[in-house]
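Only one structure is covered here, and it is reproduced in the block below.
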Amino acid sequence: MHTYEEQMRAVELYIQLGKRSRATIRELGYPTKNTLIGWYREYVRRQDLPLGSAPRPPKFSEAQKQVALQHYASHGRCISWTMRALGYPGRATLTAWVREAFPETRTISTGTRGRGEHSAVAKQAAVVGLYCREESAEALAKRVGVSRPTLYAWKNQFLGAEAPATMRRKKSAALDPAMEDLERQRAALQRDIRELQIEHDLLKTASELIKKDLGGDLQSLSNREKAMLIVALKNQYRPSALLMGLRLARSSYFYHRARITVEDKYLPVRRAMVDIFERNHRCYGYRRLAASLTRYSISISEKVVRRLMKQEALAVPRPRRRRYSSYLGEINPAPENIINRDFHALAPNEKWLTDITEFQIRAGKVYLSPVIDCFDGMVISWAIGTKPNADLANT
């Protein structure tokens, strides 16, 4: 139980340190975080703390206390050994029992040898080292030969509990804005150079490993081929940078990396398909290939046959169909080339041109034959019909 003065001291220090519970507990050595926050809330609600409360019943009975003290006295007066053997109580509780039962004992063994009294000069040097912060408080306490709470207790002894535990470090002087801009530009250039180097190595490895002419486009690769590139370059660059350069998902990379080492289960089927296809003069489609594989006791679906044929480039050559054309050639001799591709005129009604244009409508095909003057491009007349013959142009 903490007294009223100890509680008020903890709450005031907690408010002074900006409501930082960890710093307050480090300074005072008590209480716990939840207890301190509870005291503060009670103080805010009542503007004071209660002077006292009903005492809690002891956690351990008198018989348990006597057994622990007897074991401590008969087994080398070691608190750690007593706690380990009995399983109770806590170190602070057992220490209080021992000091109450054996007031003549100046030091209490806690299982660590070599600890003794330190001079005032050594304590002051330790406090100075705590503020210099050349090493952590834990390392400093270990070097001095005390615990970390003891080190802060010395600080409270010499400087008081209200003194901060550390000196704030001075902020480095702000850089000139121009220098900061140059630093940012330098970092951006270094990042761009690294990205370009990664892209160059990816293209070079792709040309050597995959034997493809990419034309500078890495995105045309399949996810399996991208995974092969990352496996080849993972010793030079971080996989995350390669994944970003290839725009490949992390899960896809790990999936295909595991699949690369797995042997192709369709390898015998591929060889049988190529053999059947070549022996039959490259004229078997996927249905006849699937039927032929069945005779060899190989039963796979037609979808798998089509996929394997596509991967093995087993395509049946088909002759191209000739497009229908109703043109049978020239019947009459060609007329004389009067215009000779000179579609300009110096005066109206000097040169007229005509042609037939086809339009597809719901009722069928309609043909338009306009007459255009070469002087200004205006339409002089036109005719519409359902047959593209000479009568349409002559009328």
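The values are calculated or read from the model by the stated rules, or taken from the named source; none is laboratory data. All values reported here derive from a predicted model rather than from experimental measurement. Note that each Cβ is placed from the backbone with ideal geometry, even for glycine, and that neighbours are counted across all protein chains shown. These accessible areas exclude ligands, DNA and RNA; they are computed on the full protein's heavy atoms, side chains included. Shrake-Rupley method; radii C 1.70, N 1.55, O 1.52, S 1.80 Å.
Points worth noting:
- For K303, the lysines whose Cα comes closer than 20 Å to its Cα, not counting residues fewer than 8 places off in the same chain, are K265.
- Working note: Karplus 6.51/-1.76/1.60 with θ = phi - 60° gives region 358-364 the couplings 9, 10, 9, 10, 5, 6, x Hz, where Gly and Pro are set to x.
- Stretching the chain fully between Y4 and M179 yields a gain of 57.3 nm (0.36 nm per residue, less the alpha carbon separation).
- Axis of helix 148-159 versus longest Cα principal axis of the chain: the two differ by about 70°, to the nearest ten degrees.
- DSSP-assigned coil residues among trypsin sites (Lys or Arg not before Pro) in region 249-290, each with at most 11 further Cβ atoms within 10 Å: K265, R282
- Angle in degrees between helix 302-311 and the longest Cα principal axis of the chain, rounded to the nearest 10: 90 degrees
- For region 199-204, 3J(HN,Hα) per residue [Karplus equation, 6.51 cos²θ - 1.76 cosθ + 1.60, θ = phi - 60°, Hz, x = Gly/Pro]: 5, 4, 5, 5, 5, 5
- Seen against the Cα atoms of the chain and their longest principal axis, helix 267-279 is set at about 10 degrees.
- Share of pairwise Cα separations in region 266-312, more than 12 Å, in percent: 55 percent
- Region 267-351: chymotrypsin sites (Phe, Trp or Tyr not before Pro) in DSSP loop, at most 13 other beta carbons within 10 Å: Y296, Y324, Y327, F343
- Extension gain for H344 to E100 (0.36 nm times residue separation, less C-alpha to C-alpha distance): 75.2 nm.
- Pairs of alpha carbons in region 62-104 whose separation is greater than 14 Å (percent): 35 percent
- Alpha-carbon centroids, region 1-34 and region 374-390: separation in whole Å: 104 Å
- In the calculated pair-distance distribution of the chain, the portion above 27 angstrom amounts to 79 percent of the Cα-Cα pairs.
- Debye intensity ratio I(q)/I(0), log10, region 352-392, q values 0.17, 0.21 Å⁻¹ (C-alpha model): -0.46, -0.64
- Straight Cα distances below 13 angstrom link K234 to the aspartates and glutamates D201, with same-chain residues fewer than 8 positions distant left out.
- Among the GluC sites (Glu not before Pro) in region 302-352, those located in a DSSP loop and surrounded by at most 12 other Cβ atoms within 10 Å of their own Cβ are E330, E336, E350.
- Separation of region 248-268 from region 59-81 is 65 Å, based on Cα centroids.
- In sequence order, region 88-93 has phi-based couplings of 7, x, x, 4, 5, 5 Hz under the Karplus curve 6.51 cos²θ - 1.76 cosθ + 1.60, θ = phi - 60°, and Gly or Pro positions carry x.
- In nm, spacing of pseudo-spin labels at A383 and R257 (7 Å Cα→C-beta vector): 7.9 nm
- Which of V127, V231 is most accessible, then next, and so on - probe 1.4 Å: V231, V127
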